[in-house]
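Below: the structure, in structure tokens.
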């Protein structure tokens, strides 16, 4: 039985959107904006990274829309090497290779178009949106429709014009989704652009604006087909215009994260969608921060001059003030972590009175005598999570030891510098088991227990007070994984 559900409502920008939490992205954005200027000016590697992001978007957007499929291995090759048809073999894709590359080229030209529009500072209009749709669907001639008897049929795709018939899909559970009727599309698109222009002039986070536009557009569903491809490009346009990256939904995230978050937004709960888009941005920022501004591809004279300028800059009074601010913020982050772990120690001691023994040892970021502690473990952790650990900048640690029944587990929380940017730090963790002596000269074995928890990155480029809550949430996640691991081993 088919149950209709009307998603479309007259477009508005509600308080639920205005009040969304964007701290996941905000806590690293300042460092990214400063680093971005440097990379744009000096780094060819950064331009190569942007081109890889464009190719990734071009491939994944069609996979998510089920236009084609490509194996993950070949996807990585095409992202890194470019769209070369000889790189695709029989069985790597489910459609003819010639058709695949037509779609890929259309998608790539569309995302290139977005970057060009940002440079031209062209306003967002209905004609631009229709132009983008025409470009995106250039080699798509048909889409699916439903006839008067409820049968699936192929219909000609109208390119660059709004829909002339209903496009209401039926979900797996039998729910028929009712989008905006064709007769209301023009007015709703006018309203959508009007609200976008209004909120863009206000002090509203661009992440919220891009996510809201994406959701509102999907409720209208103005085109017969290609709505997802077009709106991800428009959301990307809004973010690129504000110094961020395109929105690329990865195939493995499409169902559990993207579509699920969209459905929550349909119910008036947009936070999950905002958080997911923030995760995409932060993932790209973390990778970009690990790009070197100086590479061996530069001439000897160029790299020598860059080195000279950097050394001279470090000697300036303004730079010394900046480094003092970083030092102050490193201490604040360390203090946040220390307070939280002290609170948890008190809680455990009250719940496990005389059953377990808990000790906390630490090395502060300004304690030069302990800077060598856990160096090799941090190097291994950084390699595992594929980032550059800046060993020349101060780091700190807190060791949280739990001992009972001749067993001792040591959770080490480490705070160290992440990437080539000096204002970004990572909070990470690893768990070690320390064996006790069982016979003379023997013990039951020391070992490192993998927690497989990604680092939490944040900027210390400005005041870190607002970042305490996310730090606490991350530490809770680490402790949950640690206690679960210990409980599993007993």
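The numbers here are math on the coordinates, done by the rules we state, and not lab data. Because the structure is predicted, anything quoted here is derived from the model rather than measured. Every residue, glycine among them, receives a Cβ derived from its backbone with ideal geometry; neighbour counts consider all protein chains shown.
At a glance:
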| read-out | value |
| --- | --- |
| Fully extended contour minus Cα-Cα distance, from residue 34 to residue 170, at 0.36 nm per residue | 44.3 nm |
| Structure-based [θ]222 nm, the chain - -39500 (n - 2.57) summed over DSSP H runs of at least 4, per residue, nearest 500 | -17000 deg cm²/dmol |
| Contact order relative to length of the chain, as percent, for alpha carbon pairs under 8 angstrom and 6 or more apart | 16 percent |
| Burial ordering of 61, 137, fewest other beta-carbon atoms within 10 Å first | 137, 61 |
| Intensity falloff of the stretch 184-223 expressed as log10 I(q)/I(0), Debye formula with alpha-carbon point scatterers, at q = 0.16 Å⁻¹ | -0.38 |
| On Cα atoms only, tilt of 97-120 relative to the major axis of the chain in degrees | 80 degrees |
| Relative contact order (percent, whole number), the stretch 316-489, Cα cutoff 8 Å, 6+ residue spacing | 20 percent |
| Estimated FRET transfer efficiency (residue 483, residue 370; beta-carbon r; R0 35 Å; 0.05) | 0.85 |
| Full-stretch length increase - residue 155, residue 349 - with 0.36 nm per residue and alpha-carbon distance subtracted | 63.0 nm |
| Sequence of 43, 423 once ranked by neighbouring C-beta atoms within 10 Å, starting from the fewest | 43, 423 |
| Cα centroid separation - the stretch 154-195 against the stretch 341-388, whole Å | 54 Å |
| Inter-label distance for residue 99 and residue 16, nm, one decimal - labels placed 7 Å from Cα along Cα-to-Cβ | 3.9 nm |
| Euclidean distance between Cα centres, the stretch 1-54 to the stretch 221-255, Å | 10 Å |
| 0 to 90° range, to nearest 10: angle between helix 227-241 axis and the chain longest Cα axis | 50 degrees |
| Pairwise FRET efficiency - residue 309 versus residue 469, Cβ, R0 = 51 Å, nearest 0.05 | 0.85 |
| Ranked by how many other beta carbons lie within 10 Å on average, peptides 81-87, 108-114, 91-97, 258-264 from highest | 108-114, 258-264, 91-97, 81-87 |
| Computed lengthening from residue 406 to residue 392, 0.36 nm per intervening residue step minus Cα-Cα distance | 1.3 nm |
| Pairwise FRET efficiency - residue 447 versus residue 361, Cβ, R0 = 25 Å, nearest 0.05 | 0.80 |
| Bins of 5 Å, starting at 0 and running to the largest distance - Cα pair percent for the stretch 316-489 | 1, 8, 16, 20, 20, 15, 10, 5, 3, 1, 1, 0, 0 |
| Helix 375-384 vs. the chain, principal-axis angle (Cα, 0 to 90°, nearest 10) | 20 degrees |
| Sorted by Cβ density within 10 Å, fewest first, the residues 461, 416 | 461, 416 |
| Along principal axes, Cα extents of the stretch 282-411, largest first, whole Å | 66, 33, 30 |
